[in-house]
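The values are calculated or read from the model by the stated rules, or taken from the named source; none is laboratory data. Remember, predicted model here, so these are calculated numbers, not experimental data. For neighbour counting, all protein chains shown are included, and Cβ atoms are generated from backbone atoms with ideal geometry for every residue, glycine included. What goes into the accessible areas is simple: the full protein's heavy atoms, side chains included, and nothing from ligands, DNA or RNA. Shrake-Rupley method; radii C 1.70, N 1.55, O 1.52, S 1.80 Å.
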Amino acid sequence: MKEIAIIGSTASGKTGLSLNLAYKTNSIILSLDSLAVYKEIDVASAKPTKEERGDIIHFGINEVLPNEEFDVIQFINCYKRAKEFAKKNNKNLIIVGGTGFYLKSLIEGISTGVDFKVKLDSNVGEIYDLLYSLDKDYMTKIERNDRYRVEKAYAIYKKTDLTPSAYFKENPKVPIAQNLKLFEILWEKDALKKRIYQRTTQMMNDGIIDEVIYLERKYTRKPNSMSSIGILETLEFLDGKLNKKQLEEKIAQNTIKLAKRQNTFNKGQFKSNKTSNIITNLNSDIIKYF
């Protein structure tokens, strides 16, 4: 069994490439997308349809309801299930998606033993300052408004009475997917922007407004999934703050910003065991690897 990961920014063509390769390489697919995990969020997540998925077995798609939690621990469990399935059925595994944090955790591993879910006693800034005073070296790596990572650091401190640095020293990370080969799709900036605008138009045509109306009625606006790109802007449209043209433009612009963040993350975090190429050449690179 071989396993690879295909990475790249949103709208870079990862899904189409992975499906094409899955047929050619006898592979199953694990989605690396933090929005595609939700059932009923289909248009906003741009997840492949049932018709597009065809006979290819997928993990990481439609795993939970929009009002349920999904985190990196659940993703890693999903990876383990996918890998076990691939082994039992003599398949290869293609991991594909834009959520780089999940992939980084898969490659580097995570420290276990602590329930990282804890409510902050104060606002994020105050907790950050407290942790900074106790563990400057660790906290300088975290942005002051990064709620997720501040909460995680605070949970470690509250549950173990150790600073994050001390905790990670005692509980080193163990890689989960060792020697995972990465393939990165490259696009010129203007060409990627054009693809993002085209995909946004397609989302509008596919009924993102109706989807968000349905999701809001059923799940309200409280779940984390309802603050995702595409959904958040559509809620502004429903509130009368945007017209349809402005809605489409805002989704596209926020997606462009996301793509930039993803590319920056991929370049900074994934430097080894990686092949980067334009999508047509990358197809050949992957076939050769298999």
Test: residue in segment 208-231 that is in contact (Cβ under 8 Å) with a residue 40 or more places away in the chain, farther than 23 Å from Tyr38 by Cβ and part of a helix (DSSP H, G or I): no
Test: residue in segment 207-214 that is among the small types (Gly, Ala, Ser), farther than 20 Å from Val96 by Cβ and surrounded by fewer than 17 Cβ atoms within 10 Å (Cβ to Cβ): yes
Qualifying residue in segment 193-204 (condition: more than 19 Å from Gln262 (Cβ to Cβ) and not in a helix (DSSP H, G or I)): no
Enumeration of residues in segment 1-11 that are open to solvent by less than 20 Å² (accessible area, probe 1.4 Å) and in a loop (DSSP other than H, G, I, E, B): Gly8, Ser9, Thr10, Ala11
Tally of residues being polar (S, T, N, Q) and at pLDDT below 95 across segment 175-201: 2
Every residue from segment 169-192 that is closer than 19 Å to Ile4 by Cβ and either open to solvent by less than 90 Å² (accessible area, probe 1.4 Å) or of a type in the set (Gly, Ala, Ser) (or both): Pro175, Ile176, Ala177, Leu180, Lys181, Leu182, Phe183, Glu184, Ile185, Leu186
Residues (charged (D, E, K, R) and part of a helix (DSSP H, G or I)) located in segment 133-192: Lys136, Asp137, Arg147, Arg149, Glu151, Lys152, Lys158, Lys159, Lys169, Glu170, Lys189, Asp190
Residue within segment 239-246 that is part of a helix (DSSP H, G or I), crowded, with 20+ Cβ neighbours inside 10 Å and not basic (Lys, Arg) present: no
Members of segment 12-30 that are touching a residue at least 40 places away in the same chain (Cβ under 8 Å), over 18 Å from Thr275 (Cβ atoms) and open to solvent by 10 Å² or more (accessible area, probe 1.4 Å): Thr15, Asn26
Phe265, sole failed condition from (1) modelled with pLDDT under 95; (2) open to solvent by less than 40 Å² (accessible area, probe 1.4 Å); (3) assigned to a helix (DSSP H, G or I); (4) under 30 Å from Ser284 (Cβ atoms): (2)
Selection count, segment 145-174, where residues are among the charged types (D, E, K, R), closer than 17 Å to Ser105 by Cα and in contact with an Asp or Glu (Cβ under 7 Å, 6 or more places away or on another chain): 1
